[in-house]
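Derivation of every value follows stated rules applied to the coordinates shown; laboratory data play no part. For clarity, every value in this text was computed on a predicted model and none was experimentally measured. With ideal geometry, Cβ positions are generated from the backbone for all residues, glycine too; neighbour counts draw on all protein chains shown.
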Amino acid sequence: MLVKETLRTAKRDEMIDITRQVASLVSKQGIREGIIVVYCPHTTAGIAINENADPDVKLDVLMRLDEVYPWNHPQYRHGEGNTASHLKAITTGTSQTVIVTGGKLLLGRWQGIYFCEFDGPRQREYYVKFMEG
């Protein structure tokens with residue numbers, strides 16, 4: 001089973017916690033044991049798993065990504081002017097795999113699943129692929 005989800009981002013750079021939405025999809029599909037893959041089909045956004053207890057972690061991650069990949073750089077050549085977004089998305093990655101056991105996502109105590117926007121605001125989508133077993 002494959003499910004497409006949509007969301008609207010509000011800022012150029014942001015990390016949106018999608019853990020509850022993904023957990024709800026697992027419950028709706030009735031998956032008890034297996035794995036899911038959360039996939040982002042965009043070249044300027046990604047999917048990450050990281051801490052979701054302290055909101056400052058998201059701010060720190062976004063701050064550091066901006067330092068490593070500044071929005072403006074004299075040697076960037078990409079005509080759209082969003083090279084930094086592409087680099088951040090490559091760093092974050094396009095997907096995450098999560099184990100499902102007992103009908104629940106097997107995440108660490110402080111972990112959450114994030115849609116990472118690096119070129120917003122935009123209408124975006126992500127996919128969740130379910131594999132039972």
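For segment 101-111, the criterion of being buried (at least 17 other Cβ atoms within 10 Å of the Cβ) and aromatic (Phe, Trp, Tyr) is met by no residue. The residue that is farthest from His42 (Cα to Cα), counting only those in segment 114-133 that are among the charged types (D, E, K, R) and part of a strand (DSSP E or B), is Glu132.
Note on segment 70-80: residues that are surrounded by 11 or more Cβ atoms within 10 Å (Cβ to Cβ) and either acidic (Asp, Glu) or within 15 Å of Asp13 (Cβ to Cβ) (or both) total 2.
From the list Glu5, Glu80, the lone residue that is among the charged types (D, E, K, R), in contact (Cβ under 8 Å) with a residue 60 or more places away in the chain and either touching a strand residue (DSSP E or B) at 6+ places or on another chain (Cβ under 7 Å) or closer than 21 Å to Arg124 by Cβ (or both) is Glu5.
I'm trying to understand the selection: among the residues of segment 18-69, which are polar (S, T, N, Q), more than 20 Å from Arg109 (Cα to Cα), surrounded by fewer than 16 Cβ atoms within 10 Å (Cβ to Cβ) and over 13 Å from the mean Cα position of the chain (by Cα)?
First, the residues of segment 18-69 that are polar (S, T, N, Q): 19, 21, 24, 27, 29, 43-44, 50, 52.
With more than 20 Å from Arg109 (Cα to Cα) added as a condition, the list becomes 29, 43-44.
Still in the list and also surrounded by fewer than 16 Cβ atoms within 10 Å (Cβ to Cβ): 43.
None; the set is empty.
The lone criterion from (1) surrounded by fewer than 17 Cβ atoms within 10 Å (Cβ to Cβ); (2) farther than 15 Å from Val98 by Cα left unmet by Thr9 is number (1). The single condition among (1) in contact with a helix residue (DSSP H, G or I) (Cβ under 9 Å, 6 or more places away or on another chain); (2) among the charged types (D, E, K, R); (3) farther than 24 Å from Ala23 by Cβ that Glu51 does not satisfy is (3). Residues in segment 71-113 that are in a loop (DSSP other than H, G, I, E, B) and charged (D, E, K, R): 3 in all.
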